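Peer 1: Have a look at this one before I ask anything.
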Amino acid sequence: MPLNARTIFRWAVFTALASALIHVVVVAVMPWMAMKRVFAETGDRFGYNRMIHAAPVDAAARMLPRPAPDLAYSICPFDLAAGPVRIVFGETGDRASVTAYGGDTENFLTLTGADLAAGEVTLATEAQAADLGGRAVVAPGEKGVVLIRRLVRRPADWDSVERERDDIACGPA
């Protein structure tokens, strides 16, 4: 059967619509799936509103999707249903960052460099932040995760990273 212009046009339209549908489904579902995995590997497994320090192991054994092998991760899965959560990151050394993500992977807080001088931050819902006089960062939802990342230049640096982790905490505000 010879291909005519109408057949080619129909296949092109079908292919474009199928591609668009697949793209929308992937874009909508992938963030949800990524956070579901993070919550399962952290909060559901170890508890919410507490700090979890990822062990100095290869990237395949870490709890996060696509971790970098030269970063030390401290993870606080938070649930604001019981109240605001205070994150204390203490002495973070050089090349560190604190990042908070909502349950839909929305990045709503990033602290680096001089921003880390405060040493702590409180996360809350809008209503909780109002009760605290606005002295909290408003999270986009009740659940999320805070990542504290620290560059580990050499394997010998893990000792200093472990000492810094003694000052990192996550809990009720």
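Read-outs: derived from the displayed coordinates by stated rules, not from any lab. Every value quoted in this text rests on a predicted model; they were computed, and no experiment measured them. Glycine also receives a Cβ, built like all others from the backbone with ideal geometry; neighbour counts cover every protein chain displayed.
Peer 1: In the Gaussian network model of the chain, springs joining C-alpha atoms below 10 Å, which of Trp11, Trp158, Trp32 carries the largest mean-square fluctuation?
Peer 2: Trp11
Peer 1: Can I ask one more? Based solely on its DSSP helices, what 222 nm [θ] is calculated for the chain when runs of n ≥ 4 H residues each add -39,500 (n - 2.57) and the sum is averaged over all residues, nearest 500 deg cm²/dmol?
Peer 2: On the way: 4 runs with 55 residues, N = 173.
When only DSSP H runs of four or more count, the value is -10000 deg cm²/dmol.
Peer 1: Separate question: If each residue's Cβ is checked for other Cβ atoms within 10 Å, how do Glu41, Glu126 rank with the fewest at the top? Let's see the in-between values first.
Peer 2: On the way: Glu41 17, Glu126 11.
By the 10 Å Cβ count, ascending, the order reads Glu126, Glu41.
Peer 1: Between Arg135 and Ala169, what length comes free when the chain is fully extended (0.36 nm per residue of separation minus the Cα-Cα distance, one decimal in nm)? Intermediate results must be reported in sequence, preceding the final value.
Peer 2: Numbers: separation 34, 0.36 × 34 = 12.24 nm, distance 1.86 nm.
Length difference between fully extended and current span is 10.4 nm.
Peer 1: For the chain, give the magnitude of the charge dipole about the Cα centre (Cβ charges: +1 Lys/Arg, -1 Asp/Glu; no others), in debye to the nearest 20.
Peer 2: Working: 18 positive and 20 negative charges, 170 e Å.
Roughly 820 debye, rounded to the nearest 20.
Peer 1: Compare the peptides 147-155, 72-80 by average per-residue count of other Cβ atoms within 10 angstrom and give them in order, highest first. Intermediate results must be reported in sequence, preceding the final value.
Peer 2: Working: 147-155: 16.3, 72-80: 22.9.
In descending order of packing, they fall as 72-80, 147-155.
Peer 1: Please report, in whole Å³, the volume per residue of the convex hull around the C-alpha atoms of the chain. The partial results should precede the final answer.
Peer 2: Working: hull volume 30.9 nm³, N = 173.
Taking only Cα atoms, the chain has a hull volume of 179 Å³ per residue.
Peer 1: Ok, one more. Starting from the Cα of Glu162, step 7 Å along the direction of its Cβ; do the same at Asp104; then give the gap between the two resulting points in nm.
Peer 2: Going from the Glu162 label point to the Asp104 one covers 4.2 nm.
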